[in-house]
């Protein structure tokens, strides 16, 4: 399941907390989680369920003293992990393996651009929580409806745009990824920007090309990750 062995942790669900219409927080507990080491934002673990399926998820919070982690799961599609999470109850058992994930480098950035859909929102929030207070941030988050916003860290210098695909009952709505893509293609990018893009793979690839070609950002200043892809049940980004 993993390219290199990673520590594994037998855990059970301690709490299930709905966050939005599409985002569910699972709090896992287990004695080994006191030894889990999270070194930087966006690190992730593989969550494996008893039937054998597994998927990568960002560690949203880690409380070593309490031997707990929070993982926020998007309830979209009909995949086995989404079905399991939607039905999860305290006491349900699972296994975590990791962590993994590269460290996105924002050192020296005059401006940070964050662009994500709800699948990457938990990772984007871990970045926001660790950026220096003097860093200017522009955040673009695509969500299902205007009611699906989540609290953001209280920090100066941040401009946030919540991009709702559907504005209410009867709204036709945008396909996932289109609104985020169209908005960023029409947005001016300040000099000195370091960008982090994550979400639907085709949208992320389009925006990455746009930043590299049209705005001439250095490659090392564009961190891009396709978390999922239309038409693929288990996309490997």
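Let me have the relative contact order for the chain, percent, based on Cα pairs under 8 Å that are six or more residues apart.
On the way: 485 pairs, mean separation 40.1, N = 237.
Worked out over the chain, it gives 17 percent.
Which peptide among 99-106, 9-16 comes first, and what is the full order, when sorted by highest mean count of other Cβ atoms within 10 Å? All intermediate terms of the calculation are to be shown ahead of the outcome.
Working: 99-106: 15.6, 9-16: 17.1.
Per-residue Cβ counts within 10 Å, averaged per peptide and sorted highest first, yield 9-16, 99-106.
Kindly provide the helix-only [θ] at 222 nm of the chain, computed as the sum of -39,500 (n - 2.57) over DSSP H runs of four or more divided by all residues, to the nearest 500 deg cm²/dmol?
Details: 4 runs with 33 residues, N = 237.
Roughly -4000 deg cm²/dmol at 222 nm, from the helical runs in the chain.
What is the ratio of the Cα radius of gyration of region 8-100 to 2.2 N^0.38 Å, with N the residue count, to two decimals?
The reported ratio for this selection is 0.98.
Note down the nm distance, to one decimal, between modelled labels 7 Å out along Cα→Cβ at residue 129 and at residue 53.
Between residue 129 and residue 53, the simple spin-label model gives 2.7 nm.
Would you mind computing, in nm to one decimal, how far apart the modelled labels at residue 35 and residue 152 are, each placed 7 Å from Cα along Cα→Cβ?
Distance between label points: 3.9 nm.
At a 10 angstrom cut-off on C-beta neighbours, averaged per residue, how do the peptides 113-125, 218-230, 136-148 rank from highest to lowest?
Ranking, from highest mean packing down: 113-125, 136-148, 218-230.
Say each of residue 63 and residue 167 gets a label point 7 Å from the Cα, pointing the same way as Cα to Cβ; how far apart are those two points in nm?
The answer from the label model is 4.0 nm.
No value in this document is a laboratory result; all are computed from the given coordinates. Remember, predicted model here, so these are calculated numbers, not experimental data. FYI the Cβ positions are ideal-geometry reconstructions off the backbone, even for glycines, and counts take in every protein chain you see.
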